Structure formats: C-alpha cells, structure tokens
1. Test of understanding: in a Gaussian network model of the chain with alpha carbons linked when under 10 Å, which of S82, S102, S19 would top the mean-square fluctuation ranking?
2. How much net charge surrounds A96 when only other residues with a Cβ under 15 Å from its Cβ are counted (Lys, Arg +1; Asp, Glu -1)?
3. Just T29, T21, T90 to compare: in a GNM of the chain, with alpha carbon springs under 10 Å, which one fluctuates most?
4. Pick out, from G97, V111, S82, the residue whose Cα sits farthest towards the positive end of the charge dipole of the chain, with +1 on the Cβ of Lys and Arg and -1 on the Cβ of Asp and Glu.
5. Summarise the accessible area of the chain (1.4 Å probe, protein heavy atoms) by the percent that is carbon and sulfur.
6. With every protein chain left in place, what is the accessible area per residue of the range 46-94 in square angstrom, probe 1.4 Å?
7. Using Cα pairs under 8 angstrom and six or more residues apart, how large is the relative contact order of the chain, in percent?
8. If the elastic network links every pair of Cα atoms under 10 Å, which of V76, V61, V46 fluctuates the most in the Gaussian network model of the chain?
Amino acid sequence: QLQASGGGLVQAGGSLRLSCTASGFIFSTSYMGWYRQAPGKQRELVASITRTRNTNYADFVKGRFTISRDNAKNTVYLQMNSLTPEDSATYYCNSAGAYSGSFPWGQGTQVTVSS
C-alpha cells in the first residue's frame with residue numbers, strides 16, 4: 001500500500017514537500033518513483049530513486065525538485081521548489097524502473113499551483 005500526502009494549494013514560486021509511506025512490501029530494496037497526472041494528460045514519471053539512492057529526474061523538474069528516501073520510515077519524499085502552474089497535478093508514488101507501477105496507485109496527493 002502507498003499513501004501519499006503533503007499536497008495543497010501554493011502560489012507560483014512556492015514550495016511543497018510530498019511524502020509517501022509504503023507498507024506491504026520490502027521498501028528498502030525497492031526502486032521508487034514519484035509520478036504525476038494532470039487532468040486530461042497521461043501519468044508521467046517525475047523523479048526516481050534507487051535503493052542505493054541514485055536519483056533521476058525528468059527534464060521539466062531538474063534543478064527544482066529533489067527526491068529522497070528514509071528506509072527506516074518506509075517513506076519516499078519529493079521536495080518541490082519554484083513551483084509553476086504547470087506543476088499542478090495529482091502526485092503519486094510507486095515502484096520505478098523495470099517494474100514501474102507494480103503496486104496499486106492509491107489516491108495520490110493533489111498539488112495546485114496558482115499564478
């Protein structure tokens with residue numbers, strides 16, 4: 001199970017920190033990612049982090065977002081800075097890499113950035 005939280009309404013240029021707590025699988029060895037889906041658009045990968053904490057980012061968030069993980073808390077985070085209205089979407093976490101999206105997606109957390 002994946003439970004995302006931390007979304008909300010923020011003005012352009014603002015910041016949010018998302019959290020996603022996992023249960024029911026071995027989180028510490030899992031390649032995890034943050035995804036987002038805006039209305040009418042396909043879900044897209046935003047950032048990912050391996051079990052050894054190697055990270056990758058989509059070009060549209062590089063330099064603004066930071067993904068991290070705390071294996072002791074079974075939690076993956078997404079620090080989002082310099083937000084723009086184009087970042088407005090529902091954000092989800094799930095497995096990444098070869099087994100991306102292996103778990104039920106859950107409800108995600110809504111991020112709305114006002115201009």
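1. Checking each option, the largest mean-square fluctuation is seen for S102.
2. Summing Lys and Arg as +1 and Asp and Glu as -1 gives +4.
3. Result for the chain, Cα springs under 10 Å: T29 fluctuates most.
4. Towards the positive end, the residue furthest out is G97.
5. Within the chain, the accessible surface is 47 percent carbon and sulfur.
6. 45 Å²
7. In percent, rounded to a whole number, it is 37.
8. V61
The values are calculated or read from the model by the stated rules, or taken from the named source; none is laboratory data. Remember, predicted model here, so these are calculated numbers, not experimental data. All Cβ positions, even for glycine, are placed from backbone atoms using ideal geometry, and neighbour counts span all protein chains on display. What goes into the accessible areas is simple: the full protein's heavy atoms, side chains included, and nothing from ligands, DNA or RNA. Shrake-Rupley method; radii C 1.70, N 1.55, O 1.52, S 1.80 Å.
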